[in-house]
Amino acid sequence: MNRHDKEKRLKRLFEESVPFNRVIGLKVESFDPKAPKLRFEMKPELIGNPTRGILHGGVISAALDVMAGFSIHAAMLERDKAEHSEGFPKMGTIDLRIDYLLPGRGKYFIATGHVVRLGSRVAVTHMTLENDEGAQIATGSAAYMIG
């Protein structure tokens, strides 16, 4: 399977196969292994504070958690280690930390990930979430068991 086919399969897995990702509306924006990106639109179902009209903190956390996993997959794809024939490689969150910087206002949001370390058993990532105006809404870091 060539890289383009692997990217199509990974895109389908993240956008269509995970029901929760569909609820949020996550879409692959970039497979760049150094800074992959996911995007989602603001919608009423994602609001946590109806009087302020801002994203729920859990949506922010979940989007960054998914971004971390996606960035690891993109890095594995770059190293040609990913096995996406039947689904996701075995992976589980060990630790997830989110820093909320600004209220989640915007028309859409872009999550970006950066793999700090991709070992044979553990991967570490840093993530950011920005709105459509480029304001940084939150940052995060995560560690995952892989393999």
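The values are calculated or read from the model by the stated rules, or taken from the named source; none is laboratory data. Keep in mind it's a predicted model, so treat the numbers as computed, not measured. Please note: Cβ atoms are built from the backbone with ideal geometry, for glycine as well, and neighbour counts cover all protein chains shown.
Within the stretch 29-76, which residues are under 9 Å from the mean Cα position of the chain (by Cα) and β-branched (Val, Ile, Thr)? Selection gives 66 alone. Annotation: residue 106 fulfils all but one of (1) more than 15 Å from the chain's Cα centre (by Cα); (2) assigned to a strand (DSSP E or B); the unmet one is (2). Name the single residue that is surrounded by the fewest Cβ atoms within 10 Å (Cβ to Cβ) among those in the stretch 1-46 being at pLDDT below 95, among the aromatic types (Phe, Trp, Tyr) and not in a loop (DSSP other than H, G, I, E, B). This residue is 20. Quick check: is even one residue across the stretch 125-136 within 26 Å of residue 17 (Cβ to Cβ) and over 14 Å from the mean Cα position of the chain (by Cα)? No; the residues of the stretch 125-136 include none that is within 26 Å of residue 17 (Cβ to Cβ) and over 14 Å from the mean Cα position of the chain (by Cα).
Against the conditions (1) assigned to a strand (DSSP E or B); (2) among the polar types (S, T, N, Q); (3) at pLDDT below 95, residue 120 satisfies every one except (1). Search the stretch 28-55 for residues that are at positive phi and pair each with any residue that is among the basic types (Lys, Arg) and surrounded by 14 or more Cβ atoms within 10 Å (Cβ to Cβ) when their beta-carbon atoms are under 8 Å apart and the residues are at least 6 apart or on different chains. Once the first residue is at positive phi and sits in the stretch 28-55, its partners that are among the basic types (Lys, Arg) and surrounded by 14 or more Cβ atoms within 10 Å (Cβ to Cβ) give 53/105. With the condition kept exactly as written, say whether any residue in the stretch 62-72 is surrounded by 15 or more Cβ atoms within 10 Å (Cβ to Cβ), at pLDDT 95 or above and part of a strand (DSSP E or B). Within the stretch 62-72, not a single residue is surrounded by 15 or more Cβ atoms within 10 Å (Cβ to Cβ), at pLDDT 95 or above and part of a strand (DSSP E or B). For residue 53, the requirement of being surrounded by 15 or more Cβ atoms within 10 Å (Cβ to Cβ) and of a type in the set (Gly, Ala, Ser) is not met.
Would you confirm whether any residue within the stretch 90-111 is of a type in the set (Ser, Thr, Tyr), touching a residue at least 60 places away in the same chain (Cβ under 8 Å) and crowded, with 18+ Cβ neighbours inside 10 Å? Within the stretch 90-111, none of the residues are of a type in the set (Ser, Thr, Tyr), touching a residue at least 60 places away in the same chain (Cβ under 8 Å) and crowded, with 18+ Cβ neighbours inside 10 Å.
Screening residue 77 with (1) at pLDDT 95 or above; (2) touching a helix residue (DSSP H, G or I) at 6+ places or on another chain (Cβ under 6 Å) gives one miss only, at (1).
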